[in-house]
Structures are given as structure tokens and as C-alpha cells.
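Note sheet for the following structure.
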Amino acid sequence: MNIAIILAGGTGARIGGEIPKQYLEAGGKPVIRYCLETCFGSEEIDRVHIVAEGRWRDFIEASLPMENIQKWQGFSEPGGTRQLSVWNALSDLAGYARQEDVVFIHDAARPLLSAGLLHRCLQSIKGHDGVLPVLPMKDTVYYSEDGKGISRLLERSNIYAGQAPEAFLYGKYYEANRALFPEKIKSVNGSTEPAVMAGLDIVMIEGEEINFKITTQADLDKFRSLAGV
């Protein structure tokens, strides 16, 4: 079974305003609706689980695609960090997920999730513990010890930018996260970090430039333009 976890608990502080970015309208529907349509529409996704604050749950339920609505599983509470939100979902999934099931973790603020990338993630995890889409670095990359001067040049061909969605075998990934409590999990930035720290076998696949995350107002304007607003 493949279970999609959609992270929609962020506040969108960098954009400002009272409405988090994933609930803003673009192209006549909320941002979160776009990735939900991809997940609900995929024959490879069996269940959809969303991490969101209670005050937005009625709004989300009204935005769910009716196609394959039987996949809808429910909500989890957001945590203090992104990874704690992931942990809350993993814990709630324990009631029905099997060790060998795949959890497919995506950000609601990445609306342009393609059916192709979703498919490649779920196909590529076969024979591995997890999969991470990445983009190669296009710019020259420097390392600074103090944030002021350049300490050294990094080899661009060995540096990659990670994206969501990330997919993992549920049982191994659950244990990788549990092992980081109580303190280490608080400093995790990306969902693949616990898997790497646990020594799991994570394979990289090619990501997609269009699969950008809405973080700033410029990102939102770019997406609205693409969505035809």
C-alpha cells in the first residue's frame, strides 16, 4: 500500500498575511488542491493523509477532489517543526500501515507535483529503503566558515538540491525517526535526513524544475502566472 502524507501545517510567514500560502487561491482553487488532485487521481496512491491545523480542516475537506474520495484517510496535528509534523502523521498511520508499506511525503506548498514524478518515486523505491528527487546545482557553490568570507569552493558536480516528494518504507522510516527522540529530531530540516542518519538505502532520482515550493511572494506570483491567474 502507498500512503501519501501531505504536509499543510505551515504558516507561510515569509509571504505574510493571515492565510497560509497553501490555502490561498490560484487559478480558481486553493493551492493545496493541485497536489491533492494528483494524489487522488493516481492509481498508485491508496490512501491520502493530511497534516493540518484544526481551524483549516473544514476548508480542506471542502477542497478535496471527489474523484477516488475513498482514499481520504484523515488528519494529523502539525508539530513544532516540519519533521515533527511528519512524525505525528507516521504515528497516526501506525493504526493501519504495514511495515512494508510506502509513505509518500509531499508539501502542499509544492502544487505542481506531476503524475510522472509521483510514478517515478514509487517505481524507484523498489529494492531500496527510500527515494529522493534531486536537482543538480547550476551555480558555482562556495563554503563559508563564518558567513562572511569564502572558505573553499565546493565541487558543483557532487552537490544536489533535494525536493519533495520523498518516499520511504514505512517501518524502517518510522524507526529512523523514533531513534532521534527526544532532541535530535528537532534539528532535522529535510525528511530524508533521519533516513540518512539511520544508514538506510536512499536512491536519488531526477527531480523537476517545475516542482518548486511556494515560499516567497515571488514564488506565489510565479505559480499564479503558471496557473493562469
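The values are calculated or read from the model by the stated rules, or taken from the named source; none is laboratory data. This one's a predicted model, so the numbers in the text were calculated from it and none came from an experiment. Ideal geometry is used to build each Cβ from the backbone, glycine not excepted, and the neighbour counts take in all protein chains shown.
For every residue, the table says whether it meets (1) out of contact with any Asp or Glu (no Cβ under 8 Å at 6 or more places or on another chain); (2) surrounded by fewer than 15 Cβ atoms within 10 Å (Cβ to Cβ); (3) acidic (Asp, Glu).
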position: Ile3; (1), (2), (3): no, no, no
position: Leu24; (1), (2), (3): yes, no, no
position: Gly27; (1), (2), (3): yes, no, no
position: Pro30; (1), (2), (3): yes, no, no
position: Tyr34; (1), (2), (3): yes, no, no
position: Thr38; (1), (2), (3): yes, no, no
position: His49; (1), (2), (3): no, no, no
position: Arg57; (1), (2), (3): yes, yes, no
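Ile185 - would you say it is outside any loop (DSSP other than H, G, I, E, B), under 27 Å from Ile32 (Cβ atoms) and not basic (Lys, Arg)?
For Ile185, the condition - outside any loop (DSSP other than H, G, I, E, B), under 27 Å from Ile32 (Cβ atoms) and not basic (Lys, Arg) - is met.
So for segment 143-156 (the condition being over 17 Å from the mean Cα position of the chain (by Cα), assigned to a helix (DSSP H, G or I) and without any contact (Cβ under 8 Å) to a residue 24 or more places away in the chain), does at least one residue qualify?
Checked segment 143-156: at least one residue is over 17 Å from the mean Cα position of the chain (by Cα), assigned to a helix (DSSP H, G or I) and without any contact (Cβ under 8 Å) to a residue 24 or more places away in the chain.
I'd like to check something: does segment 67-79 contain any residue that is of a type outside the set (Val, Ile, Thr), surrounded by 17 or more Cβ atoms within 10 Å (Cβ to Cβ), in contact with a Gly (Cβ under 8 Å, 6 or more places away or on another chain) and more than 14 Å from Ala108 (Cβ to Cβ)?
Yes, that holds for at least one residue.
How about segment 91-106: which of its residues are in contact with a strand residue (DSSP E or B) (Cβ under 9 Å, 6 or more places away or on another chain) and surrounded by fewer than 23 Cβ atoms within 10 Å (Cβ to Cβ)?
Ser91, Asp92, Leu93, Tyr96, Ala97, Gln99, Glu100, Asp101
Quick check on Pro194: is it touching a Cys at 6+ places or on another chain (Cβ under 7 Å) and in contact (Cβ under 8 Å) with a residue 60 or more places away in the chain?
no
Report, by residue number, each residue of segment 1-47 that is part of a loop (DSSP other than H, G, I, E, B), at pLDDT 95 or above and under 16 Å from the mean Cα position of the chain (by Cα).
Ala8, Ile45
Any idea which of (1) over 22 Å from Leu200 (Cα atoms); (2) small (Gly, Ala, Ser); (3) modelled with pLDDT under 95 is the one Ala161 doesn't satisfy?
The number of the failed condition is (1).
Give me the pairs: first residue in segment 198-214 and touching a residue at least 24 places away in the same chain (Cβ under 8 Å) and crowded, with 18+ Cβ neighbours inside 10 Å, second residue among the basic types (Lys, Arg) and assigned to a loop (DSSP other than H, G, I, E, B), beta-carbon distance under 6 Å, and six or more apart or on different chains, which are they?
Within 6 Å, the pairs are Asn211/Arg110.
Looking for whichever is more than 26 Å from Leu220 (Cβ to Cβ), surrounded by 11 or more Cβ atoms within 10 Å (Cβ to Cβ) and either acidic (Asp, Glu) or touching a helix residue (DSSP H, G or I) at 6+ places or on another chain (Cβ under 9 Å) (or both) here; the options are Gly130, Gly171, Gly190. Which one fits?
Only one candidate qualifies: Gly130.
A quick yes/no check of all residues on (1) at pLDDT below 95; (2) surrounded by fewer than 18 Cβ atoms within 10 Å (Cβ to Cβ); (3) part of a loop (DSSP other than H, G, I, E, B):
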site	(1), (2), (3)
Val86	no, no, no
Ala89	no, no, no
Ala109	no, no, yes
Leu118	no, no, no
Lys126	no, yes, yes
Val134	no, yes, no
